[in-house]
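Worksheet: the structure to be examined is printed underneath.
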Amino acid sequence: MRHPVSVLVENKSGVLARISALFAARGFNIASLCVSETEDAAISRMTIVVKGNEAILEQVTKQLNKLVDVIKVNDFKDIGYIEKELALIKINTVNKISRDEIIRLTGVFRAKIIDVSPDSVIVEISGDENKLNAFMKAVLPYGLKETCKTGVSVLCRGNSGKVK
Amino acid sequence: MEKKTGAQILVESLLKENVEVVFGLPGGQALPIFDAMHGSKLNFILTRHEQAASHMADGYARSTGKPGVCIVTSGPGATNIVTGLATAYMDSVPMIAISGQVATSVIGQDAFQEADTIGITRPITKHNFLVKDVKDLAKTIKEAFYIATTGRPGPVLVDVPFDVQRSVCEFAYPEKVEIRSYKPNYNGHIGQIKKAAEVINKSERPVLYVGTGVVVSNAEDEILELSKKANIPVTNTLLAIGAYPCNTNLSLGMLGMHGTYCANKAVQSADVVIAVGARFDDRCTGKVCDFARKAKIIHVDIDPAAISKIVDVDIPVVGDAKTILKEMVCLVDRKERKNWIKTVDAWKEEHPLSYERNDDNLHPQYVIEKISELTKGEAIITTEVGQHQMWSAQYYKAKRSRLFLSSGGLGTMGFGYPAAIGAKFGNPNKEVIAVAGDGSFQMNMQEMAVAVLNSVDVKVVILNNQYLGNVRQWQEMFYGKRYSHSCLAKRKECPKWCNTPNRDACPVYVPDFVKWAESYGVLGIRVTEKKDVEPALKKMFETKGSAVIDMWVEIEENIFPMVPAGASLDDMITRMNG
Ligand SMILES: Cc1ncc(C[n+]2csc(CCOP(=O)(O)OP(=O)(O)O)c2C)c(N)n1
Ligand SMILES: [Mg+2]
């Protein structure tokens with residue numbers, strides 16, 4: 001099972017280390033981690049995708065809450081949320097047929113070609129995990145050269161995630 | 001406003017926090033702090049090892065309930081307190097550690113005596129701070145004390161770089177703290193409290209399982225009231241010894257690996273277990289899936305993360321134990337539970353704590369019983385870690401909480417003696433006795449200099465079994481009596497592998513603890529016979545100043561009852577071969 005967890009933290013040095021150390025020390029698994037400043041420069045948002053069952057998720061949120069620098073933890077239980085991830089994917093285009101096919105697939109997935117080199121292209125695609133996986137699978141036969149994913153970003157719909 | 005250096009601000013801030021005593025040891029990167037202490041009112045105690053400084057702060061805190069403070073230098077000074085921080089963290093002890101650090105301009109350059117103290121201590125402190133600007137120092141100290149002493153207490157480290165100690169700024173100690181990301185919750189949810197009370201009212205075989213949280217929140221009276229009103233037997237953890245009066249009929253004694261037969265039986269047969277400020281440590285629960293199988297679990301704890309971490313909890317109540325119990329007592333019915341009490345009493349009689357009382361051998365348990373008798377359970381006892389610790393836990397009948405101080409969670413050998421010194425600083429009018437194993441004592445016995453030089457009157461009773469006894473017991477029981485590297489008397493000349501210890505045939509024990517004590521100008525007594533135990537103890541108590549008794553106890557005595565590691569509490573071994 002994978003669960004997104006959104007963690008609002010004080011934007012101070014060492015906070016990321018605190019959080020990653022907590023996951024390592026307690027044996028929790030991270031599928032992805034994404035950190036950025038929020039609209040308030042004093043607060044950062046970490047979006048962590050946790051692997052594990054309900055009990056593990058519960059411990060993760062409680063242990064995170066225990067850290068002094070953690071302001072709020074949201075595990076999106078019973079609330080609607082939007083999940084997106086951006087991937088840059090470099091794909092082999094050794095012959096014209098494969099290049100045409102990749103251009104076609106890019107259209108189907110509403111992705112973008114953002115760089116073209118003699119023997120490869122870079123595609124930018126965003127979406128949830130399923131969409132990204134499906135695209136990867138589709139272009140796999142042409143040869144994936146390199147990929148880079150940003151990690152999942154999540155925001156809840158409406159007002160349920162605000163810091164008071 | 002007055003301008004002060006960082007070092008002065010630090011010292012002033014500690015005085016503002018009403019710190020009575022600070023333990024530690026200086027070094028290059030902390031010199032401005034030590035300079036600022038010179039001539040100040042701060043009572044600083046120079047230890048011989050920083051580890052001991054941290055345990056002294058810990059012992060002071062455990063015995064008084066006030067935060068303990070230690071100050072060390074950067075690098076090796078800071079790494080030396082790692083064990084002390086981890087010990088305090090595991091047992092939820094409020095402590096402030098201040099470490100010097102290399103100047104901010106050279107942090108990260110592997111400067112002389114630089115260590116990443118924040119990185120090293122992050123997982124073993126409740127929180128830690130690196131102060132990069134002198135303007136933040138006073139506020140940080142205030143926050144450190146606040147964090148250490150509120151919610152579930154714990155150690156907080158403040159790392160202060162050299163240049164910050166020397167920089168100057170205006171000093172005003174903050175009156176209030178406000179940390180938006182740290183707000184411990186003290187009031188329990190009333191709905192949960194009601195649910196818990198209902199479950200208790202319906203129960204026939206309830207057991208209270210009482211841990212450190214009860215001591216931290218001073219909820220001893222409430223536990224007593226609850227147990228008496230509803231006739232609920234009470235078992236305690238190692239750290240909560242004394243939190244429940246051990247002479248009452250509802251007292252079961254300690255639970256777990258070396259707990260009493262009746263406590264373990266009661267928990268395993270209970271239909272409700274009410275855990276209060278306890279964290280289901282594996283030394284208490286035994287095999288987790290078998291723990292209190294028939295029981296609904298109610299868990300009262302201030303730490304939400306302690307709930308359902310190990311054992312699934314049916315009714316969690318998060319908050320302060322005292323506050324919650326006060327409400328719970330009102331909601332709980334008066335009930336006799338005659339059958340249950342009768343059953344429990346029968347278990348007590350079936351297997352009381354016992355050892356061979358009828359021979360003339362010097363059994364370690366006898367020594368503890370005598371200490372308990374002579375002090376009426378009113379002295380502060382600290383222990384090291386090992387068999388002597390468990391015998392002390394079993395046979396010392398502490399009258400109140402905060403009288404039995406022991407490293408529970410981390411199990412730190414070397415804790416007991418410095419902790420006793422720290423406790424004495426906080427309780428100058430109480431008798432303080434360090435019950436030591438001969439192995440553990442050697443880890444921090446250098447601190448006798450501190451006791452002697454400061455006229456801190458701490459008595460040491462060494463239960464000398466010439467072994468790392470606890471290790472030996474496990475080797476005897478679970479490793480085919482192969483005594484691999486657990487004998488403290490073993491010399492080069494000994495047979496390579498020996499499992500037939502015998503005081504008369506074995507090499508002379510070193511050190512000679514009596515001569516060693518004498519070298520500090522302290523009374524040292526050796527006791528090798530049972531009949532001399534009581535007179536020696538009496539002499540020790542009559543002596544002003546420190547004193548050491550080297551008790552040559554039975555070397556192959558074992559602790560019972562015992563639940564082997566990983567076994568269920570049902571599988572207690574009550575005695576050897578039986
Ligand atoms: C610092 C540390 N190292 C190792 C251990 C493992 N250990 C637990 S009990 C024990 C033996 C302690 O021997 P002693 O102090 O003589 O006590 P005894 O068991 O003989 O009463 C050891 C080595 C420990 N708890 N702490
Ligand atoms: Mg020993």
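With respect to B:VAL460, is the statement that it is within 16 Å of ligand 2 (Cβ to nearest atom), in contact with a helix residue (DSSP H, G or I) (Cβ under 6 Å, 6 or more places away or on another chain) and in the same structural domain as B:MET413 (by TED's automatic domain parsing) true? Full working, then the answer.
Numbers: within 16 Å of ligand 2 (Cβ to nearest atom): yes; in contact with a helix residue (DSSP H, G or I) (Cβ under 6 Å, 6 or more places away or on another chain): no; in the same structural domain as B:MET413 (by TED's automatic domain parsing): yes.
No; evaluated as a whole, the condition is false for this residue.
How many residues does the range A:58-84 contain that are in contact (Cβ under 8 Å) with a residue 60 or more places away in the chain, more than 10 Å from chain B (Cβ to nearest Cβ) and over 17 Å from A:ARG26 (Cβ atoms)?
So the count comes out to 8.
Residue count for the range B:146-164 satisfying the condition of being open to solvent by less than 10 Å² (accessible area, probe 1.4 Å) and touching a strand residue (DSSP E or B) at 6+ places or on another chain (Cβ under 7 Å): 9. Selection of the range B:54-78 for residues being small (Gly, Ala, Ser), surrounded by fewer than 24 Cβ atoms within 10 Å (Cβ to Cβ) and out of contact with any Pro (no Cβ under 9 Å at 6 or more places or on another chain) yields only B:GLY75.
For the condition in contact with a helix residue (DSSP H, G or I) (Cβ under 8 Å, 6 or more places away or on another chain) and either modelled with pLDDT of 95 or more or more than 26 Å from B:ASN502 (Cα to Cα) (or both), what is the one hit in B:GLU542, B:GLU529, B:GLU554, B:GLU518?
B:GLU554 is the lone residue from the list that is in contact with a helix residue (DSSP H, G or I) (Cβ under 8 Å, 6 or more places away or on another chain) and either modelled with pLDDT of 95 or more or more than 26 Å from B:ASN502 (Cα to Cα) (or both).
Taking residues in the range B:82-93 that are closer than 17 Å to B:ALA52 by Cβ, and partners anywhere that are among the charged types (D, E, K, R) and at pLDDT 95 or above, the pairs with Cβ atoms closer than 6 Å and at least 6 places apart or on different chains are B:ALA88/B:ASP58; B:VAL93/B:ASP58; B:VAL93/B:ARG62. The residues of the range B:436-452 that are away from ligand 2 (no atom under 16 Å from the Cβ), open to solvent by less than 10 Å² (accessible area, probe 1.4 Å) and of a type in the set (A, V, I, L, M), listed by number, are B:MET448, B:VAL450, B:ALA451.
Here the condition is being modelled with pLDDT of 95 or more and either more than 14 Å from ligand 1 (Cβ to nearest atom) or within 14 Å of another protein chain (Cβ to nearest Cβ) (or both); of B:ASN464, B:ASN427, B:ASN470, it holds for B:ASN427 alone. Candidates A:ALA87, A:ALA55, A:ALA21, A:ALA42: the one that is modelled with pLDDT of 95 or more and within 14 Å of chain B (Cβ to nearest Cβ) is A:ALA42.
Residues checked against (1) touching a strand residue (DSSP E or B) at 6+ places or on another chain (Cβ under 6 Å); (2) open to solvent by 60 Å² or more (accessible area, probe 1.4 Å); (3) more than 18 Å from B:VAL548 (Cα to Cα):
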{"residue": "B:ARG337", "(1), (2), (3)": "no, no, yes"}
{"residue": "B:ALA346", "(1), (2), (3)": "no, no, yes"}
{"residue": "B:PRO352", "(1), (2), (3)": "no, yes, yes"}
{"residue": "B:LEU374", "(1), (2), (3)": "no, no, no"}
{"residue": "B:GLU384", "(1), (2), (3)": "yes, no, no"}
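Residues that are within 24 Å of A:LEU67 (Cβ to Cβ) and either within 11 Å of chain A (Cβ to nearest Cβ) or among the hydrophobic types (A, V, I, L, M, F, W, C) (or both) within the range B:95-120 comprise B:MET95, B:ILE96, B:ALA97, B:ILE98, B:ILE107, B:ALA115, B:ASP116, B:ILE118, B:GLY119, B:ILE120, listed in sequence order.
Going through the range B:504-547 one residue at a time, which ones are polar (S, T, N, Q) and open to solvent by 30 Å² or more (accessible area, probe 1.4 Å)?
B:SER519, B:THR528, B:THR543
Just checking, which of B:ASN558, B:ASN502 is in contact with a Gly (Cβ under 9 Å, 6 or more places away or on another chain), under 21 Å from B:ASP359 (Cβ atoms) and in a loop (DSSP other than H, G, I, E, B)? Within the list B:ASN558, B:ASN502, the selection yields B:ASN558.
Looking at B:PHE478, B:PHE415, which one is aromatic (Phe, Trp, Tyr), away from ligand 2 (no atom under 16 Å from the Cβ) and either open to solvent by 10 Å² or more (accessible area, probe 1.4 Å) or closer than 24 Å to B:GLU518 by Cα (or both)?
Values: B:PHE415 fails: away from ligand 2 (no atom under 16 Å from the Cβ).
From the options B:PHE478, B:PHE415, the qualifying one is B:PHE478.
If you check B:TYR209, B:TYR186 for being under 19 Å from B:ILE315 (Cα atoms) and either among the β-branched types (Val, Ile, Thr) or assigned to a strand (DSSP E or B) (or both), only one passes: B:TYR209.
When you scan the range A:104-121, do you find a residue that is open to solvent by 60 Å² or more (accessible area, probe 1.4 Å), closer than 19 Å to A:ILE48 by Cβ and not hydrophobic (A, V, I, L, M, F, W, C), even just one? Among the residues of the range A:104-121, not one is open to solvent by 60 Å² or more (accessible area, probe 1.4 Å), closer than 19 Å to A:ILE48 by Cβ and not hydrophobic (A, V, I, L, M, F, W, C), which makes the answer no. Whenever a residue of the range B:404-431 is free of Cβ contacts under 8 Å to residues at least 12 places away in the same chain, it has no partner that is surrounded by 22 or more Cβ atoms within 10 Å (Cβ to Cβ) and small (Gly, Ala, Ser) lying with C-beta atoms less than 6 angstrom away and at least six residues away or across chains. Put simply, of B:PRO245, B:PRO316 the only residue that is assigned to a strand (DSSP E or B) and open to solvent by 20 Å² or more (accessible area, probe 1.4 Å) is B:PRO316.
Within the range B:129-145, the residues that satisfy the criterion of being in contact with a Gly (Cβ under 9 Å, 6 or more places away or on another chain) and either open to solvent by less than 10 Å² (accessible area, probe 1.4 Å) or facing another protein chain (nearest Cβ under 10 Å) (or both) are B:LEU130, B:VAL131, B:LEU137. Of all residues in the range B:336-352, those that are touching a Pro at 6+ places or on another chain (Cβ under 8 Å), in a loop (DSSP other than H, G, I, E, B) and under 24 Å from B:MET572 (Cα atoms) total 1. Those helices (runs of 4 or more DSSP H) of the range B:50-161 in which at least 3 residues are of a type in the set (S, T, N, Q), considering only elements entirely within it, cover B:50-64. Of the residues contained in the range B:267-284, one or more are found to be open to solvent by 40 Å² or more (accessible area, probe 1.4 Å), closer than 20 Å to A:LYS62 by Cβ and either assigned by TED's automatic domain parsing to the domain that holds B:SER203 or touching a Gly at 6+ places or on another chain (Cβ under 6 Å) (or both).
The values are calculated or read from the model by the stated rules, or taken from the named source; none is laboratory data. Just so you know, these numbers come straight off a predicted model, no measurement behind them. Note that we place each Cβ from the backbone using ideal geometry, even for glycine, and neighbour counts take in every protein chain shown. Remember, those area values only see protein heavy atoms, side chains included, never the ligands or the DNA or RNA. Shrake-Rupley method; radii C 1.70, N 1.55, O 1.52, S 1.80 Å.
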